[in-house]
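The values are calculated or read from the model by the stated rules, or taken from the named source; none is laboratory data. Nothing here was measured: the structure is a model prediction, and the numbers come from that model. Counting neighbours? That spans all protein chains shown, and the Cβs are built from the backbone with ideal geometry, glycine included. Just the protein is used for accessible areas: all its heavy atoms, side chains included, with ligands, DNA and RNA removed. Shrake-Rupley method; radii C 1.70, N 1.55, O 1.52, S 1.80 Å.
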Amino acid sequence: MIELIKSSLTEDNFSSHIQHKSEDVFDPASKEYKIPDYFNVNRIIILPVNPSRFFIYWMLSKDNIEKYKESYPEIKLFVEDVEVLKTKVYNHYGDIYLHYHAPFKKVYAVLSINDEFVLKSNEIIAPSDVLSFEDEEIWFNKSSNLEKRMPFKLDKKQLEELLKAKDLKVTGITELLIENPSSKR
């Protein structure tokens, strides 16, 4: 047995041996890739951050930059096809945050130069500004990894049962009903 082990240590064709066949195994890439300043496309994109804030970025091609090099673009924000904001920007490519409260509304942006239409962004629906409530809520206990469904509306009996489970008491409550909130629009 010992002879077999000794012979395996001297042989180089065993899979357990690692050999370097060449010193230049890893040749690091000496080429550096430089990210271009612009991508020679015409584009404007709008992304919702929340119901009141929108992120907009834009870029113009070399041809349009040359064509409009003496003028600066304007970004116009449209809500339900009505212009609500207009701001001058001082670059032919960049990004900006615009603020306008427009929950559940169709929103898009337009880039114009010298009151001449250049680009229209994608259309989005702004997110909600209210919490959505269903007939029940799903509660998740992270420590026990359990999911529990709770009714959204609690009457006095349900509240007492819930508080008893937590060793709490209800005093002086004749009626408790949690209603849906209403949005002021």
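Would you mind counting up the charge near V79? Only other residues with Cβ under 9 Å from its Cβ, with Lys and Arg at +1 and Asp and Glu at -1.
-1
So, R0 is 22 Å and r is the distance between the beta-carbons of F55 and N114; what FRET efficiency does that work out to, to 0.05?
The value I calculate is 0.30.
Leaving ligands, DNA and RNA out of it, work out the accessible area of V82 with a 1.4 Å probe and give it in Å² to the nearest 10.
80 Å²
For the range 76-148, with only Lys/Arg (+1) and Asp/Glu (-1) charged at the beta-carbon, what is the dipole magnitude about the Cα centre, in debye rounded to 20?
Its charge dipole is roughly 380 debye.
Report I138's accessible area, 1.4 Å probe, all protein chains in place, as a number in Å² to the nearest 10.
Per-residue accessible area (I138): approximately 100 Å².
Sorted by accessible area with a 1.4 angstrom probe, largest first, how do R53, R149 fall? All intermediate terms of the calculation are to be shown ahead of the outcome.
Working: R53 85, R149 135 Å².
Output order, biggest surface exposure first: R149, R53.
According to the square roots a ≥ b ≥ c of the eigenvalues of the Cα gyration tensor, what is the shape class of the range 48-102, taking rounded for a/c under 1.5, prolate for a/b larger than b/c otherwise, and oblate for the remainder? Walk me through the numbers before you get to the answer.
Values: a/c = 2.81, a/b = 2.09, b/c = 1.34.
Since a/c reaches 1.5 and a/b is larger than b/c, the shape of the range 48-102 is classed as prolate.
By accessible area of protein heavy atoms, probe 1.4 Å, what ranking do I56, I35, I124 get, highest first?
Accessible-area ranking of I56, I35, I124, largest first: I35, I124, I56.
Counting Lys and Arg as +1 and Asp and Glu as -1, each charge on the Cβ, what is the dipole of the range 50-97 about the Cα centre in debye, to the nearest 20? Mind showing how you got there, number by number?
On the way: 7 positive and 8 negative charges, 34 e Å.
Once rounded to the nearest 20, the dipole reads 160 debye.
Rounded to the nearest 10 Å², what accessible area does L47 show when all protein chains are kept and the probe is 1.4 Å?
80 Å²
Let me check something: with ligands and nucleic acids excluded, how do F39, F78 order by accessible area (1.4 Å probe), largest to smallest? Spell out each step's value before the answer.
Numbers: F39 125, F78 35 Å².
From most accessible down to least: F39, F78.
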